[in-house]
Amino acid sequence: MTSQTVAIIDYGSGNLHSAVKAFERAAREAGLDGTRIRLTADPEVVAAADRIVLPGVGAYADCRAGLDAVPGMVEAMERAVHGAGRPFLGICVGMQLLATRGLEYVETPGLGWIPGDVGPIRPSDPALKIPHMGWNTLYPVRSHALFAGIPVGEGGLHAYFVHSYALDPARPDDAVMRAEYGGPVTAAVARDNVAGTQFHPEKSQRLGLALIANFLHWRP
Amino acid sequence: MLKTRIIPCLDVKDGRVVKGVRFEALRDAGDPVEAAKAYDAAGADELCFLDITASREARGTLLDVVSRTAEACFMPLTVGGGVRGVEDVRALLLAGADKVAINTAAVKDPDLVARAAEKFGAQCIVVAIDAKRVSGPGEPARWEIFTHGGRDPTGTDAVAFARLVAEKGAGELLVTSMDRDGTRSGYDLGLTRAISDAVAVPVIASGGVGGLDDLVAGVAEGGASAVLAASIFHFGQASIAQAKAHMAEAGLAMRLDGAGGARA
């Protein structure tokens, strides 16, 4: 087994312990013994990593400010992802940050890697509660390697969501999975070597560990 | 389709699981980390720790329990009890909690909810509302907030308070009937319904579960998005799988693929 390093970016966005543990466990169960998971705030480690994960919990503007507060981090991500073509996974607000801009509380620029806005979820049924919180099923918009072998659809596995805002991709084929919550909600996006999930794979038990294992094998 | 959540609640004191009858007589049901692992494997949708003595005792033990639980379980964890300020919220989130429940401090200072939500996001701020029915027979139903394990009345109307903290940025409300807690006579469905109808955020029904029909009623009649229970699960009266099967038979949308925990 070849060795690889996965950088999970630590920029002060909540606790990342469970993300690290979930990636370690998925690597172990997938037999990827050479995989090293590094929780890091060091842009050089991110620039040199084989795979990069951007988690994110909290308000959009706060997360963006946290990312910008680490000198050189956004540049390191750009280098690794667009220069070197390394696989990248954004989770929750980490996925939303891929968009052009976020509209939570205040308008905040995103990374612009997946063009589109992050706006409030507006379910057609007013009885549906916001945040969209809990376990929901996924529906494929198109097939993608990150979901290979994962049962989706009404009888499929569940993913854990907790969010009030969602990414609406400007290019429809950037959407990979959607959830239903009084209308479609973007659940996963991907373009080239960049992917993101609105749900939390690290909290999504079987589906989550399978998706993380797919990410660790992914050769975009 | 979004599923109704079942949330076992572990009342924790000095790092051990207890369940008080009306928060007074306490029984010891074991190590919270072991219990959390068991519920993870049993397919619970989330887990809740309430440190019932935290407002009076040290915090270190709780943070240690939270951190060890987060390392062992890949399920969402809510932790409450003794949260007084933004720093307490931060400490619990850093220890591994996914959501933090604020109780007494939100009653004293509702703006704490706004400060915490702006800093950490509404999705991780739960306000725990402990209420007792204060209306007499024949009067329109009214509930008041009580603090300190249901001992101290506040004079604050529970439904008005629920509206206020939801506006301030609470992402979810944990609504416990202090009349029913520990009685096994079912949720106070009038309370659950009144609050659920008053706010746009999800409501967790809590306090008084005696059997599986109570869980169904919490959703079907109370309008809750999630149901919380302790003793019926802790003391083996029902398993999570039995509860889910029962609720699914009653027509509620349940996640039935969770058993086996995070095993891929």
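Every number here is computed from the coordinates shown, using simple stated rules; none is lab data. All values derive from a computational prediction rather than experimental measurement. Please note: Cβ atoms are built from the backbone with ideal geometry, for glycine as well, and neighbour counts cover all protein chains shown.
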query = Over the Cα atoms of the range A:105-218, what is the Rg over Rh ratio if Rh follows Kirkwood?
reply = 0.95
query = So, in Å, what gap is there between the alpha-carbon centers of the range B:136-176 and the range B:201-243?
reply = 20 Å
task = Using Cβ-Cβ distances only, list the Cys residues of chain B with no partner cysteine under 4.7 Å, sorted by number.
result = B:73, B:124
note = Computed over the protein assembly as shown, the Cα gyration tensor eigenvalues, each multiplied by 5 and square-rooted, give semi-axes in Å (largest first) of 37, 22, 22
message = Loop by DSSP (not H, G, I, E, B), at most 12 other beta-carbon atoms within 10 Å: where is the longest site-free stretch of chain A for GluC sites (Glu not before Pro)?
response = A:1-106
Cross-link pairs beyond the 27 Å C-alpha cut-off, checked among A:203/B:244; B:3/B:37; B:13/B:99; B:37/B:168; A:21/B:108 = B:37/B:168; A:21/B:108
key: Simple Cβ-charge dipole of the range A:9-112, Lys/Arg +1 and Asp/Glu -1, about Cα centre, in debye nearest 20   = 280 debye
request  = Note down the magnitude of the dipole of chain B about its Cα centre, charges +1 on Lys and Arg C-beta and -1 on Asp and Glu C-beta and zero elsewhere, to the nearest 20 debye.
outcome  = 100 debye
inquiry  = As a test, work out the antiparallel percent of DSSP beta bridges whose residues both lie in chain B, rounded to the nearest 5.
reply    = 30 percent
remark   = A student applying the Cα gyration tensor rule (rounded when a/c is under 1.5; otherwise prolate if a/b is larger than b/c, oblate if not) would label the range B:156-264 prolate
key: Within the protein assembly as shown, helix-based [θ] at 222 nm, where runs of 4 or more DSSP H residues each add -39,500 (n - 2.57), nearest 500   = -8500 deg cm²/dmol
inquiry  = Can you tell me, using C-alpha contacts under 8 Å and at least 6 residues apart, the relative contact order of chain A as a whole percent?
reply    = 20 percent
query = Quick one: B:17, A:53, A:70, fewest Cβ neighbours within 10 Å first, how do they rank?
reply = A:70, B:17, A:53
message = I'd like to compare B:74-80, B:149-155: which one has the highest average count of other Cβ atoms within 10 Å, and what's the full order after that?
response = B:74-80, B:149-155
task = Add +1 for every Lys or Arg and -1 for every Asp or Glu among the other residues with Cβ under 11 Å from the Cβ of residue A:117, and state the total.
result = -2
request  = Sort out for me the Cα centre separation of the range B:77-112 from the range A:147-220, rounded to whole Å.
outcome  = 29 Å
About the Cα centre, charge dipole magnitude for the protein assembly as shown (Lys/Arg +1, Asp/Glu -1 at Cβ), debye = 500 debye
note = Loop-resident trypsin sites (Lys or Arg not before Pro) in the range A:108-192 with no more than 14 other Cβ atoms inside 10 Å, DSSP not H/G/I/E/B, are A:142
